[in-house]
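Chemist: The structure under discussion is supplied below as structure tokens; questions concerning it will follow.
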Protein chains: 2
Amino acid sequence: MEKVNVAVVGATGAVGREMVSILEERDFPFADLKLLATERSAGTIMNCKGEEYEVEVTTPESFEGIDIALFSAGSTASKNLAPEAVKRGAVVVDNSSAYRMDPEVPLVVPEVNPDDIFKNNGIIANPNCSTIQMVATLEPIYKAAGIKRIVVSTYQAVSGTGKDAMDELEEQTKSIANEEEVESEVYPHQISQNVLPHIDVFFDDGYTKEEKKMVNETKKIMGDDKIKVTATAARVPVSIGHAEAVNIEMEEELTADKARELLAQAPGVQVVDNPEENEYPMQINAEKTDDVLVGRIREDKTVDYGLDLWIVANNLRKGAALNTIQIAETLLQKS
Amino acid sequence: MEKVNVAVVGATGAVGREMVSILEERDFPFADLKLLATERSAGTIMNCKGEEYEVEVTTPESFEGIDIALFSAGSTASKNLAPEAVKRGAVVVDNSSAYRMDPEVPLVVPEVNPDDIFKNNGIIANPNCSTIQMVATLEPIYKAAGIKRIVVSTYQAVSGTGKDAMDELEEQTKSIANEEEVESEVYPHQISQNVLPHIDVFFDDGYTKEEKKMVNETKKIMGDDKIKVTATAARVPVSIGHAEAVNIEMEEELTADKARELLAQAPGVQVVDNPEENEYPMQINAEKTDDVLVGRIREDKTVDYGLDLWIVANNLRKGAALNTIQIAETLLQKS
């Protein structure tokens, strides 16, 4: 594998920091690494593979000589700067929602649609965190028995919003313990000791953008417009890890045992499903693993071929940074 | 309305204390009040309507002269002592799961099936907390458009487990803030910064008893065995208030606007559904109200006639103590 020059845009954010540490963990074969951010974070020193790197301000010229640019700096930055990177010969793997539904841009979970990576015109999009863990788990079930409809409810961690939200949860929890007034700045309401059925903006039909992402991105990644998805996305007072209660209606019969067997062989998925021993996926375990955890697998007899599942993953890693880097790795392996 | 003699069994527990305070708030017409508990809590002094009451140990003889006995002391106590109360002429309203599925015992949510109260043989059962708030909300929709199938995911507060669990969440949260080791005694795993997809015991088919309660109690209360329900019940790090993401498939069309209109007129239900102003039901608001809050009402186009809703209530009050006392009030009004 040839060595490549890599840039991380948004390197000092919650996901950006995970990207840098995953590049080190997985010994990503970069020749040169450029860490980019806004002026506010420029000058920050970060470490990767034993070297120190000074964070620089992102400009169009930052991408000169870059082969792969990993973006996690929000949609506006991606819209403005990804084309500049592509123009200079880089392939962009973008963690924002800017290009996800662009028909010219592949939207990829490597366990599901790795081949789409090579249909890129310079930009490959990384899906929404909640969608990644769901489709990575459902893919082997889809292949075996087809999926007609998905009803999903999420239990999402505040780190999906960013470092500020993690701090806000911590501060609010302290205030409650000290019987002080709770202040909310990141979220419209208190998140400690509460659940917010509100992630991203609302549309006129009452669904949020997060819920729509789960509907539309699932169809695009799985390459099947006929899969029906309805979602309720909620924020829970947990720092790291998204959980999901997923109900599916399949085309054909698939027992819970058979589903467990298929999932046990699926790449990137770990079955944690031993209720007798109180073993099931939980956020406190997801923090430590790169796998998507699935358990509580049971047959739903309210439809002909139904299953209920409980899916948990680290939203900062598989839900964002790790999936982005796995896309980059796949790109290198076949290039 | 004649005055009656009331006993509260389990008066010092989380729900028992709510019962005593609701008897006061609603000026329940009791002549005499007897507060009963185990030996451990006997001697405790509690107040109600300006009087002091000393908690006594429950014995069969405690029920001599009692007209209405409100039980919230767990299934074993109900099984042992409710028949003793009935034998002595009391009507028992039981908050445990002991008699809920007994065909001789009515299972009642006054907003749904008040007439069943009068079909009792001495015992009336109060449903599971998660079921009460769901059926109280779905009843007007059921009447207008029928309900074929319900897919529900819950976000339940630790107070459903009891006072010990509330203390455990508080202690664990402090330990995490102080970077100390977290100890779990009430739950099999840490609940602070975590979600447990595990409420009550597991059955062989993978569902929990809590999930089965939602399936079976819904049918019994709504008086329709054909309603199909599948549930995932999860515990979230919140002290008070259960939230539920509820997806329903109806027999006939009912728009979100029409559902909102029906729910606005429904007794005990409050519509909180103004996403533009970030208004939706939340646990922090449920703590302060006796109503069941419903919002995020939207049409689910993945089935012919579908709706998604977000339902929140105070699990200690409408989910337990309040519903029990509302049953007793109905009993008195018509007797």
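The values are calculated or read from the model by the stated rules, or taken from the named source; none is laboratory data. All values reported here derive from a predicted model rather than from experimental measurement. Every residue, glycine among them, receives a Cβ derived from its backbone with ideal geometry; neighbour counts consider all protein chains shown.
Chemist: Quick check on region A:93-103. Is at least one of its residues out of contact with any Phe, Trp or Tyr (no Cβ under 9 Å at 6 or more places or on another chain) and either closer than 20 Å to A:Asp290 by Cβ or outside the structural domain of A:Phe71 (by TED's automatic domain parsing) (or both)?
Modeler: Looking for residues that are out of contact with any Phe, Trp or Tyr (no Cβ under 9 Å at 6 or more places or on another chain) and either closer than 20 Å to A:Asp290 by Cβ or outside the structural domain of A:Phe71 (by TED's automatic domain parsing) (or both), one finds none in region A:93-103, hence no.
Chemist: Just one of the numbered conditions (1) over 22 Å from the mean Cα position of the chain (by Cα); (2) more than 20 Å from B:Gly162 (Cα to Cα); (3) not hydroxyl-bearing (Ser, Thr, Tyr) is not true of B:Val55; which one?
Modeler: The single condition B:Val55 does not satisfy is (2).
Chemist: Which is surrounded by 17 or more Cβ atoms within 10 Å (Cβ to Cβ) and under 20 Å from B:Glu329 (Cβ atoms), of B:Ala98, B:Ala85, B:Ala77, B:Ala37?
Modeler: After applying the criteria, what remains is B:Ala85.
Chemist: So A:Asn113 ticks every box in (1) within 14 Å of chain B (Cβ to nearest Cβ); (2) closer than 30 Å to A:Ala259 by Cβ; (3) surrounded by fewer than 20 Cβ atoms within 10 Å (Cβ to Cβ) but one. Which box is left unticked?
Modeler: (1)
Chemist: Could I ask something else about it? Could you check region B:58-84 and list, in sequence order, the residues that are within 21 Å of the chain's Cα centre (by Cα) and not hydrophobic (A, V, I, L, M, F, W, C)?
Modeler: Of everything in region B:58-84, those that are within 21 Å of the chain's Cα centre (by Cα) and not hydrophobic (A, V, I, L, M, F, W, C) turn out to be B:Ser72, B:Gly74, B:Ser75, B:Thr76, B:Ser78, B:Lys79.
Chemist: Would you mind finding the one in A:Thr324, A:Thr330 that is surrounded by fewer than 21 Cβ atoms within 10 Å (Cβ to Cβ) and within 18 Å of A:Ala125 (Cα to Cα)?
Modeler: A:Thr330
Chemist: Can you tell me which condition B:Thr330 does not meet? The list is (1) more than 7 Å from chain A (Cβ to nearest Cβ); (2) touching a Phe, Trp or Tyr at 6+ places or on another chain (Cβ under 8 Å), and all the others hold.
Modeler: (2)
Chemist: Something else now. Residues to consider are B:Glu179, B:Glu253, B:Glu170, B:Glu261; find the one that is acidic (Asp, Glu), assigned by TED's automatic domain parsing to the domain that holds B:Asp300 and at positive phi.
Modeler: Exactly one of B:Glu179, B:Glu253, B:Glu170, B:Glu261 is acidic (Asp, Glu), assigned by TED's automatic domain parsing to the domain that holds B:Asp300 and at positive phi, namely B:Glu179.
Chemist: Quick check: anything in region A:183-198 under 21 Å from the mean Cα position of the chain (by Cα) and not in a loop (DSSP other than H, G, I, E, B)?
Modeler: yes
Chemist: How about region A:279-303: which of its residues are touching a Lys or Arg at 6+ places or on another chain (Cβ under 8 Å) and either under 15 Å from A:Asn315 (Cβ atoms) or acidic (Asp, Glu) (or both)?
Modeler: Once the filter is applied, which keeps residues that are touching a Lys or Arg at 6+ places or on another chain (Cβ under 8 Å) and either under 15 Å from A:Asn315 (Cβ atoms) or acidic (Asp, Glu) (or both), region A:279-303 yields A:Pro281, A:Asp290, A:Asp291, A:Val292.
Chemist: Would you pick out the residues in region B:263-278 that are over 23 Å from B:Leu316 (Cα atoms) and in contact with a Gly (Cβ under 7 Å, 6 or more places away or on another chain)?
Modeler: Those that are over 23 Å from B:Leu316 (Cα atoms) and in contact with a Gly (Cβ under 7 Å, 6 or more places away or on another chain): B:Asp273, B:Pro275.
Chemist: Select from region A:199-231 the residues that are in contact with an Asp or Glu (Cβ under 6 Å, 6 or more places away or on another chain) and not hydrophobic (A, V, I, L, M, F, W, C) and write down the one among them that is surrounded by the fewest Cβ atoms within 10 Å (Cβ to Cβ).
Modeler: A:Lys209
Chemist: Can you say whether A:Gln172 is more than 21 Å from B:Glu299 (Cβ to Cβ), at the interface with chain B (Cβ under 8 Å from one of its Cβ atoms), crowded, with 18+ Cβ neighbours inside 10 Å and modelled with pLDDT of 95 or more, as far as the supplied structure shows?
Modeler: no
Chemist: Quick check on my filter: what residues within region A:6-28 are surrounded by fewer than 18 Cβ atoms within 10 Å (Cβ to Cβ) and either closer than 13 Å to A:Asn323 by Cα or at pLDDT below 95 (or both)?
Modeler: A:Arg26
Chemist: Could you tell me which numbered condition B:Asp167 fails, if it satisfies all but one of (1) out of contact with any Asp or Glu (no Cβ under 8 Å at 6 or more places or on another chain); (2) crowded, with 18+ Cβ neighbours inside 10 Å; (3) more than 12 Å from every other protein chain (Cβ to nearest Cβ)?
Modeler: (2)
To keep it simple, each residue is scored yes or no on (1) touching a residue at least 12 places away in the same chain (Cβ under 8 Å); (2) surrounded by fewer than 20 Cβ atoms within 10 Å (Cβ to Cβ); (3) under 15 Å from B:Glu210 (Cβ atoms).
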{"position": "B:Ile132", "(1), (2), (3)": "yes, no, yes"}
{"position": "B:Gly146", "(1), (2), (3)": "yes, yes, no"}
{"position": "B:Lys163", "(1), (2), (3)": "yes, yes, no"}
{"position": "B:Glu180", "(1), (2), (3)": "no, yes, no"}
{"position": "B:Pro197", "(1), (2), (3)": "yes, no, yes"}
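Chemist: Where in region B:25-99 are there strands (runs of 3 or more DSSP E), lying wholly inside it, with at least 1 residues that are in contact (Cβ under 8 Å) with a residue 12 or more places away in the chain, within 19 Å of B:Ile123 (Cα to Cα) and not small (Gly, Ala, Ser)?
Modeler: Answer list for region B:25-99: B:30-37, B:68-71, B:91-94.
Chemist: Take region B:179-196 and flag every residue that is within 21 Å of A:Ile191 (Cβ to Cβ) and more than 7 Å from chain A (Cβ to nearest Cβ).
Modeler: The answer is B:Val182, B:Ile191, B:Ser192.
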